[in-house]
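The values are calculated or read from the model by the stated rules, or taken from the named source; none is laboratory data. Since the structure is predicted, the reported quantities are computational estimates derived from the model, not experimental observations. Note that each Cβ is placed from the backbone with ideal geometry, even for glycine, and that neighbours are counted across all protein chains shown.
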Amino acid sequence: MGLDMVGLISNGRLAWLWTVVVLALLWGCATVPLTERKALRLVPSSEIVGLGIQEYRKVLRKAKLSQDRAKVAMVRRVGRRIARAAEEFLVEEGLGHEVGNYQWEFNLIEDDKVVNAWCMPGGKVAVYTGILKFTKDEEGLAVVLGHEIAHAIAGHGNERMSQALLVHLGGLALSVALKTKPKETRKLFGALFGIGAMVGFILPYSRLQEAEADRIGLVLMARAGYDPRAAIGFWERMSKDSGPRPPQFLSTHPAPAARIEQIKRFIPEALPYFQRFKKKSVPIH
C-alpha cells in the first residue's frame, strides 16, 4: 500500500473521529452538580451501572472480606450516612431522577498492603484495610468515602468511560464494545475505576475531576454530619507518611501542597452544612 493511500486512510479516520467527538459534544453532554460544568456522557446509565455491578461481584469473589466487625460496621455506617446525604444533594440539585440509579453497598476488603478505596457508578463501594491507618477515625473515613462517592454522583465514571470509548475503542458504544472486544473493554473499565489490586494499572482522574470530587465530597461529608476540616489532616497524613513509594490511593489522587490549599478554600462552602447538622442534632430540653 502506497504512502498516499495510508495518508488518505489516516486522514479519513481522523475526520471520522472528529465527527464523532463533535456529535458527542452536541448530544452527549450533562451537567456536573454544584460546579455546573458540562461533561461528556455517552454511556446510558443502565449500561455502566450494570457493568459496574458485574465487576464489583468479581472483585468480591476474589477478595478476602474483613471479619473485623467493628471496622466493617464503621465503613457501612459512614457509607450509609454519606449515601443518604448524596441522595438528598441530588434531589436539591434537581437530579432526583438519578437517585434510582444507586444501589448502595459498602464492603471492607482485608488487605493492609493496598491503600485504596473506590466507588463504582451505581454506588458499589470497596474500602481496603490499608487505608484505615491514614483515615484514623470516622471523620477521616468520611473524607475518603465522600470523595469517592462524589466521583460517582458527578458522573466522572461515565465521562471517563465515554472518553475512553472514543480514544481507545474507536467510538464504539459500551454494549457493542463488550460484545466485540470484551477483554479490552473490561480491562479498560478496571483501569479507569481502580477495581482491586489485581488491576495492573490505574488511570488517574483529571485535575479538574479531582477538584470537583474534593469540593463535592466536602459538602457530602458535612451534610452527613462530619467536620469537613478533617480533610486537611487526612491529606497531610497521606502526603507525609507515604514513604518512598506512594500508596495506590495517593498515586491516583495526588495531594501536593497546592491541592491541600485548594481544599482549604473549599471548606467554607461545606462548613455551614456541618454546622446546621450539629444544630439539628442538639437535643431540646
Close pairs from the stretch 260-278: first closer than 23 Å to Arg237 by Cα, partner crowded, with 16+ Cβ neighbours inside 10 Å and of a type in the set (Val, Ile, Thr), Cβ under 6 Å, at least 6 apart: Ala270/Val219
Test: residue in the stretch 122-132 that is within 17 Å of Asp214 (Cα to Cα) and touching a strand residue (DSSP E or B) at 6+ places or on another chain (Cβ under 7 Å): no
Number of the exception - Glu36 against (1) farther than 19 Å from Ala126 by Cα; (2) modelled with pLDDT under 95; (3) surrounded by 17 or more Cβ atoms within 10 Å (Cβ to Cβ): (3)
Strands (runs of 3 or more DSSP E) wholly inside the stretch 89-139 that include at least 2 residues being charged (D, E, K, R): none
Extreme residue, surrounded by the most Cβ atoms within 10 Å (Cβ to Cβ), among residues of the stretch 140-177 that are part of a loop (DSSP other than H, G, I, E, B) and at pLDDT below 95: Gly155
Members of the stretch 56-92 found to be farther than 30 Å from Arg276 by Cβ and in contact with a Lys or Arg (Cβ under 7 Å, 6 or more places away or on another chain), listed by number: Tyr56
Unmet criterion (only one of (1) touching a helix residue (DSSP H, G or I) at 6+ places or on another chain (Cβ under 7 Å); (2) within 23 Å of Arg223 (Cβ to Cβ)) for Ala73: (1)
Flag for Glu36 being out of contact with any Gly (no Cβ under 8 Å at 6 or more places or on another chain), in a helix (DSSP H, G or I) and farther than 21 Å from Leu188 by Cβ: no
Selection from the stretch 194-207 of residues that are closer than 18 Å to Asp111 by Cβ and either at pLDDT 85 or above or in contact with a Phe, Trp or Tyr (Cβ under 6 Å, 6 or more places away or on another chain) (or both): Gly194
From Ala73, Ala86, residue being at negative phi, in contact (Cβ under 8 Å) with a residue 12 or more places away in the chain and part of a helix (DSSP H, G or I): Ala86
Test: residue in the stretch 181-193 that is crowded, with 19+ Cβ neighbours inside 10 Å, touching a strand residue (DSSP E or B) at 6+ places or on another chain (Cβ under 9 Å), over 16 Å from Gly50 (Cα atoms) and not aliphatic (A, V, I, L, M): no
Unique match (being without any contact (Cβ under 8 Å) to a residue 40 or more places away in the chain, within 23 Å of Phe234 (Cβ to Cβ) and touching a Gly at 6+ places or on another chain (Cβ under 9 Å)) among Trp104, Trp118: Trp104
Where Gln67 falls short, out of the listed (1) under 27 Å from Ile260 (Cα atoms); (2) modelled with pLDDT of 95 or more; (3) assigned to a loop (DSSP other than H, G, I, E, B): (1)
